[in-house]
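Notes follow the structure.
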Amino acid sequence: MITSKTISNGILRALATILVIGLILYFLYEIQTVIVYLCISLILCLIANPLVLFLKNKLKFSNSLAATTAIILFILLLVGFIFLFVPLIISQANNLALLDTNQLQTQFIETEKNIEAYFNIQHVDLNKVLKDSKITSAIDFNYFTRFINSIMNFMADLGMGLVSVFFITFFFIKDQQSFKIGVRNILPDSNEDKIINSIIKINHLLTRYFIGLLLQLTVVFILYLIVLLIFGNQNALVIAFLCAILNIIPYIGPIIGTVLAAILTMISLIGNDFRSEILPTTIYVVIGFLLVQAIDNNISQPIISSKSVNSHPLEIFLITIISGITFGIVGMIIAIPVYTMLKVILKEFFPDNKIVSVITEKI
């Protein structure tokens, strides 16, 4: 028989549950930076796994020495990227310091006229448009000061973040076996084997996925670099690298990369004839990038992604699109790893379910 006391106790338990869940979510929100560090460290650990196994099994390295070697390689790669970009930043800073604003204004007006003449566009008075729209009154000129401060804060946070990530990654790599033993000891006996098997399979599949992703980005980078070198781009290496990194964002990233390459190509050619040099070269670069993306979308990406996580290319496409619609760009980036983890867990805990057996057939 339901009494008022039973109802009140149920309400109190429900409120207590909601309060606990709210506190947990708030706590996770407050430590979101640490969670990001842990996720990045886990990804680095998965990428380093094949190297660490090779060092331990073939070269007989200890856990500490293998972990140290992997971290040193990551640091060397990071330093290499820094030395790749620093010369470009310094050269651009020197160009800005020596910039003749009158000459820049003249080049801008000339480029505008060339575009209008080439595409037969009616002249647009930009000064009049800006005045009529009153856009200058809406500009917050303090934005630039805040922007500089935000860059300084970002650099400080980045330095702290790198130290934290490498520190965590070192112990993730070094103490993998200890972590597995610890997890096994705290797991309930009834589901221990299922959870351990899930962790092993997830580790294996995600290691293959992230290595495959690196391989895919390397292929795209080389092809982009070839296109840019063919057309004599001055910053071919850096532009190719940036556009390859943008390829991490499925479907949208390549489009952004192509637009970025086109803009940087046009900027690098300012001062040359628009009709005979700037426009044709930019069009050729865009066509080259589109060809690279066609190769990547139809050959590299389906083979590498589907084979690494044992999923059908159409399955990956649908999951990525759904994640993008639901969670935006971040959802598109993490869609495949999260989906792979869910498939492994479902297969271990619900192997007899017909739907689960169909979608996890190849795992």
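The values are calculated or read from the model by the stated rules, or taken from the named source; none is laboratory data. Every value quoted in this text rests on a predicted model; they were computed, and no experiment measured them. Glycine gets a Cβ as well: all are built from the backbone with ideal geometry, and neighbour counts include every protein chain shown. Each accessible area value is taken on the protein alone, full model and side chains, heavy atoms only, with ligands, DNA and RNA left out. Shrake-Rupley method; radii C 1.70, N 1.55, O 1.52, S 1.80 Å.
Legend: distances between Cα atoms for K174/K201; K60/K307; K56/K201; K194/K362; pairs beyond 24 Å are K60/K307.
Dipole size of the range 246-350 about its Cα centre, with +1 on Lys/Arg Cβ and -1 on Asp/Glu Cβ: approximately 240 debye, rounded to the nearest 20. Rg/Rh, computed from the Cα trace of the range 203-290 with Rh as the Kirkwood radius, has the value 1.08. A Förster radius of 35 Å combined with the Cβ-Cβ distance from I11 to S357 puts the calculated FRET efficiency at roughly 0.25. In this structure the range 186-332 gives 51 Å² per residue of accessible area when probed at 1.4 Å with all protein chains present. For I363, the shell of other residues with beta-carbons less than 10 Å away shows a net charge of +2, using +1 for Lys and Arg and -1 for Asp and Glu. Accessible area of R184 (1.4 Å probe, protein heavy atoms only, ligands and nucleic acids ignored): about 100 Å².
Carbon-plus-sulfur accessible fraction, the range 165-204 (probe radius 1.4 Å, protein heavy atoms only): 63%.
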